[in-house]
1. Quick check on my filter: what residues within the stretch 22-80 are out of contact with any Phe, Trp or Tyr (no Cβ under 8 Å at 6 or more places or on another chain), basic (Lys, Arg) and assigned to a loop (DSSP other than H, G, I, E, B)?
2. Of Ala57, Ala126, Ala122, Ala65, which residue is in contact with an Asp or Glu (Cβ under 8 Å, 6 or more places away or on another chain) and small (Gly, Ala, Ser)?
3. Only one of His83, His131 is at pLDDT below 90, within 20 Å of His39 (Cβ to Cβ) and exposed (fewer than 12 other Cβ atoms within 10 Å of the Cβ); which?
4. Among the listed residues Lys24, Lys35, Lys41, which satisfies the condition of being among the basic types (Lys, Arg) and within 22 Å of Leu129 (Cβ to Cβ)?
5. Condition check: surrounded by 12 or more Cβ atoms within 10 Å (Cβ to Cβ), of a type in the set (A, V, I, L, M, F, W, C) and either more than 23 Å from Ser79 (Cβ to Cβ) or assigned by TED's automatic domain parsing to the domain that holds Thr86 (or both). Does Phe51 satisfy that?
6. Anything in the stretch 41-76 that is under 10 Å from the mean Cα position of the chain (by Cα), closer than 21 Å to Gln99 by Cα and of a type in the set (A, V, I, L, M, F, W, C)? List them, or say none.
Amino acid sequence: MTTSQVIQAAASLLAILALAGFCKWLGLGGDIRIKDADHAKKIAFESQYGFVATDAALDRAGYSALVKDKANRHMLIRSKGVHFVTRIVRPPIEGRLDQKFLTIAMNEPDFAPVTLNLGDQAQYWASGLRHIPSG
């Protein structure tokens, strides 16, 4: 390897490191999981003004959550890319409980079914979906 090739390789490496540092400084990339119940409630409120969640269940991986307010309206939150997508859950929906997993499929072609690993809370939330208001 010649001296010019070594310099060129070093300059390329420095440019890559500088670009990575710049992206980190801008806050790009990173892990976009739902941290806890309060974070899920905040996402719900920010996505729809007036939706004040009183209860939340997080998927074990932190990529989705189900929250509800005092009027028993439910909101489904899931990650998509580096953002969160939310939907108010309205009938008709298809909910399937499989031990600790709750799968929710809404009647929206652009909102894929979401499977949440809710652990011991799965049955409670599946039951709650049967009683959501239709409006």
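1. Passing the criteria: Lys35, Arg60, Lys70.
2. Step by step, each of Ala57, Ala126, Ala122, Ala65 is checked, and only Ala65 is in contact with an Asp or Glu (Cβ under 8 Å, 6 or more places away or on another chain) and small (Gly, Ala, Ser).
3. Numbers: His131 fails: within 20 Å of His39 (Cβ to Cβ).
Every option except His83 fails the conditions.
4. Working: Lys24 fails: within 22 Å of Leu129 (Cβ to Cβ); Lys35 fails: within 22 Å of Leu129 (Cβ to Cβ).
Exactly one residue qualifies, and that residue is Lys41.
5. Values: surrounded by 12 or more Cβ atoms within 10 Å (Cβ to Cβ): yes; of a type in the set (A, V, I, L, M, F, W, C): yes; either more than 23 Å from Ser79 (Cβ to Cβ) or assigned by TED's automatic domain parsing to the domain that holds Thr86 (or both): yes.
For Phe51, the condition - surrounded by 12 or more Cβ atoms within 10 Å (Cβ to Cβ), of a type in the set (A, V, I, L, M, F, W, C) and either more than 23 Å from Ser79 (Cβ to Cβ) or assigned by TED's automatic domain parsing to the domain that holds Thr86 (or both) - is met.
6. Pass one, the stretch 41-76, residues under 10 Å from the mean Cα position of the chain (by Cα): 43, 58-59, 61-66, 76.
Checking the rest, the ones that are also closer than 21 Å to Gln99 by Cα come to 58-59, 61-66, 76.
Across the stretch 41-76, the qualifying residues are Leu58, Ala61, Ala65, Leu66, Leu76.
The values are calculated or read from the model by the stated rules, or taken from the named source; none is laboratory data. These numbers were taken from a predicted model, which means no experiment stands behind them. All Cβ positions, glycine included, derive from the backbone under ideal geometry; neighbour counts span all protein chains shown.
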